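Beneath this line is the structure, given in structure tokens, with notes to follow.
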Amino acid sequence: MAPNAASAADQTNRLRAAEQGSYDVIGVDVADEQIISPLLDEMAASGHKVMTFSSSDAADGCKRIAYVGNTHNYEDGAQLTEALCEKLGYKGKVAILVGSVGAPCHEDRALGAKDTIARYEGIQIVATEYDMDSVDLAYELASDILKKYPDLDGFICCNMSNPVGAARAVQEAQSDAFIVGMDDDREALHYLREGVIYCLGVQDCYSMGYDTIRVAVKIADGNLPGDLFPEKTTQNTTIIYQKDAALMLELLYGDIS
């Protein structure tokens with residue numbers, strides 16, 4: 001399987017290179033559905049077996065064969081935001097760190113967050129920024145937001161990188177802002193255990209990886225979605241809190257410090 005790239009431009013270049021290889025299946029974690037989906041259609045039309053995986057599927061109608069991953073990113077963003085709103089008593093100022101421009105999973109989570117906040121008159125979004133899935137940029141953006149809004153009550157973080165960047169900024173500024181975000185980065189779990197991060201939406205990355213290879217092998221053998229595997233294999237997201245952090249660190253990283 002050919003790997004995905006972090007940005008749409010880089011991913012396009014890698015996919016063009018993959019077209020020249022002798023891969024049985026090309027698997028793609030879609031960086032930007034508007035840019036990448038037509039390319040996947042071209043590859044499928046030229047005879048390549050293409051699937052998508054991880055947290056971002058291609059656009060509806062794309063000719064990719066199957067998808068393995070998160071099919072509920074909007075709901076994940078909404079659920080994390082609801083947890084934050086409840087914690088804040090449904091009033092306060094919040095900021096959203098989205099991630100990469102055009103990445104379906106990041107954009108969908110941010111949309112879920114915005115739609116949830118729109119239901120509560122007491123919650124105000126004061127900033128929405130794209131950190132391009134960079135911890136360092138997320139830290140810089142969060143620091144700038146905290147300087148502009150020292151009374152900020154919360155950050156909603158839509159990928160794996162920005163909860164870490166936001167937590168660094170919150171800790172440095174000695175802010176009381178609560179952070180909700182995605183995934184199980186080791187540093188993020190430490191911040192969760194320390195109470196700097198309020199909660200994280202953890203995807204089942206093991207099953208995601210296992211099922212991706214399982215489906216890819218079936219596709220390579222000439223099978224199409226049906227009895228052997230569905231067109232979409234969905235994975236679960238679990239919201240975890242401070243009480244869950246130590247066990248998660250031990251299970252994932254052997255970290256008992």
Practice task
Please determine, in degrees from 0 to 90 and to the nearest 10, the orientation of helix 162-173 with respect to the longest principal axis defined by the Cα atoms of the chain, where the helix direction is its Cα long axis.
Solution key: 20 degrees
Handout entry: Extension gain (nm, one decimal) between Gln174 and Lys91, 0.36 nm per residue minus Cα-Cα
Key = 27.8 nm
Completion exercise
Taking every other residue with Cβ under 11 Å from the Cβ of Gly222 and scoring Lys and Arg +1, Asp and Glu -1, one gets 0
Fill in the blank from the handout: So the angle from the long Cα axis of helix 242-253 to the longest Cα principal axis of the chain, reported in degrees to the nearest 10, equals 40 degrees
Handout entry: Reach of Lys63 by Cα under 12 Å, taken over aspartates and glutamates that are not fewer than 8 positions away in the same chain
Key = Asp41, Glu42, Glu231
Handout entry: C-alpha long axis of helix 135-148 to longest principal axis of the chain, angle in °
Key = 30 degrees
Problem - Value in Å of the Kirkwood radius, where the chain supplies the Cα pairs that are averaged - result: 18.9 Å
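Quick note: the coordinates plus some simple rules give every number you see, no bench work behind them. Computed from a prediction, not measured in an experiment: that's the story for all the values here. Don't worry about glycine lacking a Cβ; one is built from the backbone with ideal geometry, like all the others, and counts go over all protein chains shown.
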